[in-house]
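Peer 1: Attaching a single structure in structure tokens format; questions to follow.
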Amino acid sequence: MNRFPVIIDCDPGVDDTAALLLASRLDELNIRAITTVSGNVGVDKTTANAIKVRHAMGKDIPIFMGADRPMFRDPVTAEKFHGNDGFGGVNYPKEIKNTEIGQEKAWDAIYRIAKECNGELIVIAVAPMTNLGIALSKYKDLSKRIKRIVIMGGAAIGGNITPSAEFNIYVDPEAADMVFCSGIPVYMCGLDVTLKAYMTPEELEEIGALGSFQAKLFRDVLQGGLKKYLEWGYKGVALHDPVAVLYTVDDSIFETHHVGIRVETKGQLTIGKTVTDLYSDKQMEHNAYIVTDVNREAFIEKVKSLMTKF
Ligand code: RIB
Ligand code: CA
């Protein structure tokens, strides 16, 4: 099997938790590190949550703490959706023996591991991209050392935290634009596809009914989010971050387009918008890829089959 080295840059976060659990059961992934950042909640909490999820993943993966704020802006967080603890209010019921995190800052670890992987490293970024922005600023040759970046973030159409912008991009638009301008192939799994990758209440219960500690954790952390999505009129909870993880391993159930993508960093109403030429006559430099659709049934089946592996 072709295994490839990845770093998962995240802000756990209830859907980050689901994504990490799924990633731990994808044999194709050699998870070299988990890096954390301020996003859904503060970086102390996202890191504490990453430690919990690492325990549930059952793998001794190094964790490196990253930025406690965006590169040039005040932090924006999402406790309303993820809970004050960022863990959906779920009490992690097990004693965690390994609470260690690496001494390096996330951006230094990203650079070191990229060098160690000789250009084969893939970064799966499912949070504000502050760590990548800092790493690209600090290490001028980093862009030559990362094979690709697969992100959950952005949207060709619409937004969630504002009508124009998706949360991960909105929180740190400058860092996001640096990533899109870096020359590294960027695959954007934005709201266009992640809102289609939803899990219904029945499907989420089926996961919980698998019976493992991890399957129940997957179900429980997503309950609050599910309730909100149903209140908003959706058929289920959007599995935003799991889309980026599953896409990294197998893009065959997704639709992808090679496009230009840049990020608005100045607009008053449009700050954080990912501007793409997908629906425009005016063409941009095609510097990235946007994922626009998914076979939802196949996606859900993959999630279920991975969760049976615990
Ligand atoms: O907009 C959804 C994204 O913002 C997800 O990554 C979620 O975890 C939050 O970070
Ligand atoms: Ca996230």
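The values are calculated or read from the model by the stated rules, or taken from the named source; none is laboratory data. Only a predicted model underlies this, so the values are computations on that prediction, with no experimental measurement involved. Counting neighbours? That spans all protein chains shown, and the Cβs are built from the backbone with ideal geometry, glycine included. Please note that ligands, DNA and RNA were not included when accessible areas were found on the heavy atoms of the full protein model with its side chains. Shrake-Rupley method; radii C 1.70, N 1.55, O 1.52, S 1.80 Å.
Peer 1: Evaluate the following for residue 51: is it in contact with a strand residue (DSSP E or B) (Cβ under 6 Å, 6 or more places away or on another chain), over 19 Å from residue 178 (Cβ atoms) and either within 15 Å of ligand 1 (Cβ to nearest atom) or outside any strand (DSSP E or B) (or both)?
Peer 2: no
Peer 1: For the stretch 271-308, enumerate the residues that are over 15 Å from residue 239 (Cβ atoms) and of a type in the set (S, T, N, Q).
Peer 2: 274, 276, 280, 283, 287, 292, 308, listed by residue number.
Peer 1: Next up: Which one of 2, 30 is in contact (Cβ under 8 Å) with a residue 12 or more places away in the chain, touching a strand residue (DSSP E or B) at 6+ places or on another chain (Cβ under 6 Å), more than 14 Å from ligand 1 (Cβ to nearest atom) and at negative phi?
Peer 2: Checking each option against the conditions leaves just 30.
Peer 1: Would you pick out the residues in the stretch 15-45 that are under 18 Å from residue 172 (Cβ atoms) and among the aliphatic types (A, V, I, L, M)?
Peer 2: If the condition is that a residue be under 18 Å from residue 172 (Cβ atoms) and among the aliphatic types (A, V, I, L, M), then 37, 41, 43 are the ones that fit.
Peer 1: Another question, if that's okay. With the checklist (1) touching a Leu at 6+ places or on another chain (Cβ under 7 Å); (2) open to solvent by less than 20 Å² (accessible area, probe 1.4 Å) in hand, flag the one item residue 241 doesn't pass.
Peer 2: (1)
Peer 1: Still on this structure: Does the stretch 60-83 contain any residue that is part of a strand (DSSP E or B) and touching a Leu at 6+ places or on another chain (Cβ under 6 Å)?
Peer 2: no
Peer 1: Across the stretch 20-34, what is the total count of residues that are part of a strand (DSSP E or B) and farther than 24 Å from residue 48 by Cβ?
Peer 2: 1
Peer 1: Within the set of pairs 6+ apart or on separate chains, which have a first residue in the stretch 194-207 that is touching a residue at least 40 places away in the same chain (Cβ under 8 Å) and closer than 18 Å to residue 295 by Cα, a second that is open to solvent by 50 Å² or more (accessible area, probe 1.4 Å) and more than 16 Å from ligand 2 (Cβ to nearest atom), and C-beta atoms under 7 Å apart?
Peer 2: Partner pairs satisfying both residue conditions: 196/293; 198/234; 198/235.
Peer 1: Do we find that residue 3 is modelled with pLDDT of 95 or more and away from ligand 2 (no atom under 15 Å from the Cβ) in this structure? Walk me through how you get there before you give the answer.
Peer 2: On the way: modelled with pLDDT of 95 or more: no; away from ligand 2 (no atom under 15 Å from the Cβ): yes.
When the stated conditions are applied, residue 3 does not pass them.
Peer 1: Follow-up. Go through the residues of the stretch 240-247 one by one and say whether even a single one is among the charged types (D, E, K, R) and more than 16 Å from ligand 2 (Cβ to nearest atom). Talk me through it step by step, then tell me what you get.
Peer 2: Of all residues in the stretch 240-247, those among the charged types (D, E, K, R) come to 241.
Next, from what is left, pick out any that are more than 16 Å from ligand 2 (Cβ to nearest atom): none.
No, the stretch 240-247 contains no residue that is among the charged types (D, E, K, R) and more than 16 Å from ligand 2 (Cβ to nearest atom).
Peer 1: What are the pairs, 6+ residues apart or on separate chains, where a residue within the stretch 227-245 that is outside any helix (DSSP H, G or I) has its Cβ under 6 Å from a residue that is β-branched (Val, Ile, Thr) and modelled with pLDDT of 95 or more?
Peer 2: 235/200; 236/200; 238/194
Peer 1: In this structure, does residue 15 turn out to be in contact (Cβ under 8 Å) with a residue 60 or more places away in the chain, open to solvent by 10 Å² or more (accessible area, probe 1.4 Å) and either within 14 Å of ligand 2 (Cβ to nearest atom) or assigned to a helix (DSSP H, G or I) (or both)? Working first, answer last.
Peer 2: On the way: in contact (Cβ under 8 Å) with a residue 60 or more places away in the chain: yes; open to solvent by 10 Å² or more (accessible area, probe 1.4 Å): yes; either within 14 Å of ligand 2 (Cβ to nearest atom) or assigned to a helix (DSSP H, G or I) (or both): yes.
Yes.
Peer 1: Something else about it: In the stretch 194-209, is there at least one residue being in contact with a His (Cβ under 9 Å, 6 or more places away or on another chain), in a helix (DSSP H, G or I) and at pLDDT 95 or above? If you could, list the steps in order and put the result at the bottom.
Peer 2: Narrowing the stretch 194-209 to residues in contact with a His (Cβ under 9 Å, 6 or more places away or on another chain): 194-195, 197.
This time we only want the ones that are in a helix (DSSP H, G or I), so: 194.
Subsequent filtering for residues that are at pLDDT 95 or above retains 194.
Checked against the condition, which is being in contact with a His (Cβ under 9 Å, 6 or more places away or on another chain), in a helix (DSSP H, G or I) and at pLDDT 95 or above, the stretch 194-209 yields at least one hit.
Peer 1: Would you point out the residue of the stretch 158-187, among those that are more than 12 Å from residue 263 (Cα to Cα) and more than 12 Å from ligand 1 (Cβ to nearest atom), that is surrounded by the most Cβ atoms within 10 Å (Cβ to Cβ)?
Peer 2: So the residue we want is 186.
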